[in-house]
Amino acid sequence: MYNKLTKPNLGPKTAKLYQHGFQLLEDQIGIYIKEHYTGIDRIEFSPIYVTGDDGSSMLNAEIVPIVYDSHGNKGIFGGKYQNFYHSTYGLVGSLFVDYDDLGEYFELRSDSGEMLEVKFGISLPQKVRRTKMEAIDLNMKDLILQGKLKGVEKSDLGSPSAEIIHNLELKKGVLSDGIK
């Protein structure tokens, strides 16, 4: 009963496919932050929260970045700030996951806004590395304004030594259930 309530209803092959797709998305976000913001120590990600797929609703899965500055402060992306709701990142708008007779593949959003195909089993290709991510920039700006991140600035110098920590755990539920 515990697994039915807390574990997504994905088979092992589908779970592995989603985990790899979300690793690519985490790389895309993490590399962008690392290359475009100074003062970042590490970038972590929430578990992959899966909702739906219960026969009555569509499957959705999403993550949220968590950024630590060089002073140890933590900024959690998403949520509401001054009547503006920040994005989450996942199957709605950021990542498409699919498999067919020809194999497994993903689509990630590019700088031009189009979704580009990425084959299963490879690391993040250059064609989907981002040089602009407006939703990330807006959220980062608000985290800085709120004082949650200190000494962080947008800069092409980036934070080359920042660590990207993946979290590919699949959890049933919504982001607001577990991010603190």
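The values are calculated or read from the model by the stated rules, or taken from the named source; none is laboratory data. What you are looking at is a predicted structure, and each value in this text was computed from that prediction instead of being measured. All Cβ positions, glycine included, derive from the backbone under ideal geometry; neighbour counts span all protein chains shown. These area figures cover heavy atoms from the full protein model, side chains too; ligands, DNA and RNA do not enter into them. Shrake-Rupley method; radii C 1.70, N 1.55, O 1.52, S 1.80 Å.
General remarks:
- Among the residues making up the stretch 143-175, a single one is over 25 Å from P47 (Cβ atoms), of a type in the set (K, R) and assigned to a loop (DSSP other than H, G, I, E, B): K150.
- Test result for L175, out of contact with any Phe, Trp or Tyr (no Cβ under 7 Å at 6 or more places or on another chain), on the phi < 0 side of the Ramachandran plot and either at pLDDT below 95 or among the hydrophobic types (A, V, I, L, M, F, W, C) (or both): no
- When K127, K172 are checked against the criterion of being touching a residue at least 24 places away in the same chain (Cβ under 8 Å) and charged (D, E, K, R), a single residue qualifies: K172.
- Qualifying residue in the stretch 124-142 (condition: out of contact with any Asp or Glu (no Cβ under 7 Å at 6 or more places or on another chain), assigned to a loop (DSSP other than H, G, I, E, B), farther than 16 Å from E35 by Cβ and not polar (S, T, N, Q)): no
- Filter pass, S159 being hydroxyl-bearing (S, T, Y), more than 22 Å from E62 (Cα to Cα), surrounded by 13 or more Cβ atoms within 10 Å (Cβ to Cβ) and in contact (Cβ under 8 Å) with a residue 60 or more places away in the chain: yes
- In the stretch 85-128, residue modelled with the lowest pLDDT [restricted to those that are under 14 Å from the mean Cα position of the chain (by Cα) and open to solvent by 80 Å² or more (accessible area, probe 1.4 Å)]: V92
- Top-ranked residue in the stretch 39-77 [being assigned to a loop (DSSP other than H, G, I, E, B), of a type outside the set (A, V, I, L, M) and modelled with pLDDT of 85 or more; ranked as surrounded by the fewest Cβ atoms within 10 Å (Cβ to Cβ)]: G72
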